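Working notes, structure below.
The values are calculated or read from the model by the stated rules, or taken from the named source; none is laboratory data. Computed from a predicted structure; not experimentally measured. Here the Cβ positions follow ideal geometry from the backbone for every residue, glycine too, while neighbour counts run over all protein chains shown.
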Amino acid sequence: MELYEQGSINIWSDPYIRKQLLLAHLNANSDAASRKPETISATIDWMLKDSAPGAFIDWGCGPGLYSNEISARGWDVLGVDINEESVKYAEKKASEKTLSARYAVGSYLDQLSFGKFDIAACIYCDFGALKPNDRAAFLENVKNNLGEGGTFVFDVFGEQVCAGKTEGRNWLREEAKNFWCESPCYVLTECEHFKEQSVWGDKYVVIPDSGEPFSTVIWTHYFTVEAISTLLSDFGFEMTETNQNLVQNGEFISSDVIFIRAAVSGS
Ligand SMILES: C[S@@+](CC[C@H](N)C(=O)[O-])C[C@H]1O[C@@H](n2cnc3c(N)ncnc32)[C@H](O)[C@@H]1O
């Protein structure tokens, strides 16, 4: 696998796979896609502590598990996500609960102007999935939508993520209506550790019995507190707080997660 090679599809916007991802988000017994309800609740408590309700933007909000709860706590919330299925679900739940939370379908890599927010969040290690070139676009977006004194909260995997991953190649046969496609298929997997860049690449090549083959690569960067602090300062942010105790029993990939609060430097 080439470092930062791109697959032929994006799992979060592919019309079939995004539906499977919504199901994974909503499985309260699993940490895949979204964390378990007790971890989500503890994370929200930490994100909002010491702040009076204001304006909150949730970048990569998924099905609104955080956004709708934050809205219920009196915040004016906007959730943004590339997965239309998840956004529709989040909107439906907000409407059922008569919450004011609003949602938008969009990519946080495009420059989007939604106004000025007191807190911007991006939760579940999405930041570490970005290729270095995409970090600038994302952080510019975060900065442009933050009000005076606003903060950015996000999480990244720590170095222990390596303990749960193994390099290698494998294949499996999937029955019809699996995670990847309607058709039965073969899935070829490849996992590689690029130590110099502190990133793991997981490549999936899907060969359906009927339909065209396609591929996707998921990049998982890991960081030390020092590394993320330096990276943030390179992009004009200052780390103000970290918390490594919110994910107690992560069963998906790793429970070594660093939550970070940062402010725009000099604000
Ligand atoms: C691991 S999930 C986390 C979802 C949510 N934050 C949670 O923890 O429940 C990552 C989310 O980021 C979204 N996403 C991925 N790439 C995106 C992009 N370029 N722009 C906006 N959202 C994106 C996905 O659709 C997905 O909902």
Query raised in the report: Out of region 116-129, which residues are near the ligand (Cβ under 10 Å from one of its atoms) and of a type outside the set (A, V, I, L, M, F, W, C)?
Result: Tyr124, Asp126
Query raised in the report: Would you say Glu38 is of a type outside the set (Gly, Ala, Ser), assigned by TED's automatic domain parsing to the domain that holds Asn144, closer than 22 Å to Ile17 by Cα and surrounded by fewer than 21 Cβ atoms within 10 Å (Cβ to Cβ)?
Result: no
Requested in this report: Considering only region 73-82, state which residues are more than 9 Å from the ligand (Cβ to nearest atom), surrounded by 15 or more Cβ atoms within 10 Å (Cβ to Cβ) and part of a loop (DSSP other than H, G, I, E, B).
Outcome: Trp75
**Report entry** Any pair with Cβ under 8 angstrom, 6 or more apart, that starts in region 55-67 at a residue that is within 10 Å of Tyr89 (Cβ to Cβ) and ends at one that is more than 7 Å from the ligand (Cβ to nearest atom) and part of a loop (DSSP other than H, G, I, E, B)
**Finding:** Gly64/Ala101
Query raised in the report: Restricting the first residue to region 98-111 and requiring it to be closer than 25 Å to Asn10 by Cβ, which pairs with a second residue that is among the charged types (D, E, K, R) meet a Cβ separation below 6 Å and a spacing of at least six or different chains?
Result: Tyr103/Glu91; Val105/Glu84; Leu109/Asp134
Query raised in the report: Taking region 177-234, which residues are in a strand (DSSP E or B) and farther than 19 Å from Ser8 by Cα?
Result: His193, Phe194, Val199, His221, Tyr222
Report task. Could you check Glu140 against (1) under 30 Å from Thr224 (Cα atoms); (2) within 13 Å of the ligand (Cβ to nearest atom); (3) part of a helix (DSSP H, G or I) and say which number it fails? Result -> (2)
Report summary line: All-but-one check, Phe56 against (1) more than 10 Å from the ligand (Cβ to nearest atom); (2) at pLDDT 95 or above; (3) of a type in the set (A, V, I, L, M, F, W, C); (4) outside any strand (DSSP E or B), failing number (4)
Report summary line: Restricting attention to region 60-72, the residues that are near the ligand (Cβ under 9 Å from one of its atoms) and farther than 19 Å from Leu146 by Cβ number exactly 4
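Specify the residue that is nearest to the ligand (Cβ to nearest atom); the eligible residues are those in region 17-39 that are hydrophobic (A, V, I, L, M, F, W, C) and in contact with a helix residue (DSSP H, G or I) (Cβ under 7 Å, 6 or more places away or on another chain).
Our first condition is that a residue be hydrophobic (A, V, I, L, M, F, W, C); within region 17-39, this holds for 17, 21-24, 26, 28, 32-33.
If we keep only those that are in contact with a helix residue (DSSP H, G or I) (Cβ under 7 Å, 6 or more places away or on another chain) as well, we get 22, 28, 32-33.
On the way: Leu22: 9, Ala28: 12, Ala32: 8, Ala33: 5 Å.
Filtering first and then ranking leaves Ala33.
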Query raised in the report: If we keep just the residues of region 83-115 that are more than 9 Å from the ligand (Cβ to nearest atom), of a type in the set (Gly, Ala, Ser) and in a loop (DSSP other than H, G, I, E, B), which is farthest from Pro53 (Cα to Cα)?
Result: Ser113
**Report entry** Selected residue [buried (at least 17 other Cβ atoms within 10 Å of the Cβ) and assigned by TED's automatic domain parsing to the domain that holds Glu69] from Gly201, Gly115, Gly150
**Finding:** Gly150
**Report entry** Pairs with Cβ under 7 Å, 6+ apart, first in region 1-24 and free of Cβ contacts under 8 Å to residues at least 24 places away in the same chain, second surrounded by 18 or more Cβ atoms within 10 Å (Cβ to Cβ)
**Finding:** Ala24/Ala33
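Evaluate the following for Lys177: is it surrounded by 16 or more Cβ atoms within 10 Å (Cβ to Cβ), out of contact with any helix residue (DSSP H, G or I) (no Cβ under 6 Å at 6 or more places or on another chain) and not assigned by TED's automatic domain parsing to the domain that holds Glu140? It would help to see each step written out before you state the result.
Values: surrounded by 16 or more Cβ atoms within 10 Å (Cβ to Cβ): no; out of contact with any helix residue (DSSP H, G or I) (no Cβ under 6 Å at 6 or more places or on another chain): yes; not assigned by TED's automatic domain parsing to the domain that holds Glu140: yes.
Against the criterion (surrounded by 16 or more Cβ atoms within 10 Å (Cβ to Cβ), out of contact with any helix residue (DSSP H, G or I) (no Cβ under 6 Å at 6 or more places or on another chain) and not assigned by TED's automatic domain parsing to the domain that holds Glu140), Lys177 does not qualify.
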